[in-house]
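The values are calculated or read from the model by the stated rules, or taken from the named source; none is laboratory data. As the structure is a computational prediction, the values presented were derived from the model and not from experiment. Note that each Cβ is placed from the backbone with ideal geometry, even for glycine, and that neighbours are counted across all protein chains shown. Quick note on the areas: whole protein, heavy atoms, side chains included, nothing else; ligands and nucleic acids left out. Shrake-Rupley method; radii C 1.70, N 1.55, O 1.52, S 1.80 Å.
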Amino acid sequence: IHRDIKPHNIIISNDGNCKVTDFGIACMTNLNETRKMDEGILGSVHYISPEQAKGSVPDERSDIYSLGVTMYEMLTGVLPFDGDSAVAIAVMHINQNPKPIKDINIVVPLSLVRVVNKAMNKNIGLRYQSAGEMYQELYEITNDPDMFFAQKDDEAVVEADAAVEEAEAAVEALKNGCDYAYI
């Protein structure tokens, strides 16, 4: 468990391999002491999982959430949550859903949106249960980015799918020469 997955801790080598760096938090032996850092939050607050924000002990699924946040930022150019203080941002990770990716970047394939949404699920039990499971779905969509995953685990995915369908209908209407679209 890394406990601080974020863009600053991920590098891509010249041969295209991805490497994770900065295992400082992961190597700490007394997590009770380290929780006192950064207003009681261990890790980078913009990428922290809801369970970490609540002060619970993280597991590999917490790192998957942070990777989902990193992917969200890569696909949209913005962080899913931002605020005036670390505590405000942590509360957003616990209580709010981010703006749908398709509202920010319409060209992202729906299959990739679903991977990010699943990785960022507030319910740790509905996230990918391992990095291998997440990798498998990412690998599958490299061959078919338009594939759809049948599983709709939570309200956030359903809401994101509805927003995507509306946006795609508007784009189709514009492609077909309409000046407006009924949604």
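Near the amide H of residue 10, within less than 5 Å, lie the amide hydrogens of 21, all on another chain or at least 5 residues away, with H placed in the peptide plane.
Using a probe of 1.4 angstrom and keeping all protein chains present, the accessible surface of the range 62-110 works out to 44 square angstrom per residue.
Could you rank the peptides 92-98, 137-143 by their average count of other C-beta atoms within 10 Å per residue, with the highest value first? Please report the intermediate quantities before stating the final value.
On the way: 92-98: 17.6, 137-143: 12.7.
Result, highest mean Cβ count within 10 Å first: 92-98, 137-143.
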